[in-house]
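Written below as structure tokens is the structure these notes are about.
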Amino acid sequence: MKPNCQENATTAMYRARSDCGARSDASGPWTASYIANGDGYLLDLDQMQWFFDCYTTGHVDPADWHVSPLRAPDLSGVAPAVVITAEYDPLRAEGIRYATRLQDAGVDVEHVDYPGMIHGFLTMLGELDASRQAVSQIAAYLRTRLDLRTSGEDTDHRSARGALTRGNSM
């Protein structure tokens, strides 16, 4: 039984940053990673289509760049990003392409591809060293960009959040 759309907003958001709906036709994938990893690695093509359908329910144009930032004509000015891809993820090629487009647009981006990993490996903290490593890498990236201290000297995250909500640059 497939879970409902509301319970999978996070998964839909992962899909949203990719090149949603850009398959050549309704029956098949178009990227090499879709073809190579679209079956047998936890996330399959049918599930991706289901998540995409949930995400684009109603009057949403699947070709709109708001659904898929990869379709935006210009990515300059986008917030800094860390893009984590996994070797056996059907969405890997899109993640790599997104990181490349960000870099080409002058956006501060860090991309790391995790060999041997599948889509969703970040959620397997208790099972995979690579998962813990990736989460630590994301945290380090955020600490650096938000100028958060790890020594306990300045661990009040509310000050960083307050600065961001006031529109101050960090």
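The values are calculated or read from the model by the stated rules, or taken from the named source; none is laboratory data. All figures in this text were calculated on a predicted structure; none of them were measured in a lab. All Cβ positions, even for glycine, are placed from backbone atoms using ideal geometry, and neighbour counts span all protein chains on display.
What the table shows:
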item: Counted residues, the range 125-134 - those being more than 11 Å from Val82 (Cα to Cα) and surrounded by 14 or more Cβ atoms within 10 Å (Cβ to Cβ); result: 4
item: Single match in Asp74, Asp61, Asp44 (criterion: at pLDDT 80 or above and under 22 Å from Leu102 (Cβ atoms)); result: Asp74
item: Gly106, sole failed condition from (1) part of a loop (DSSP other than H, G, I, E, B); (2) of a type in the set (Gly, Ala, Ser); (3) under 14 Å from the mean Cα position of the chain (by Cα); result: (3)
item: Members of the range 99-119 found to be in contact (Cβ under 8 Å) with a residue 12 or more places away in the chain and buried (at least 16 other Cβ atoms within 10 Å of the Cβ), listed by number; result: Ala99, Arg101, Leu102, Val107, Val109, Glu110, His111, Tyr114, Met117, Ile118, His119
item: Residues located in the range 72-96, provided they are more than 26 Å from Phe121 (Cβ to Cβ) and either surrounded by 12 or more Cβ atoms within 10 Å (Cβ to Cβ) or of a type outside the set (Ser, Thr, Tyr) (or both); result: Ala72, Pro73, Asp74, Gly77
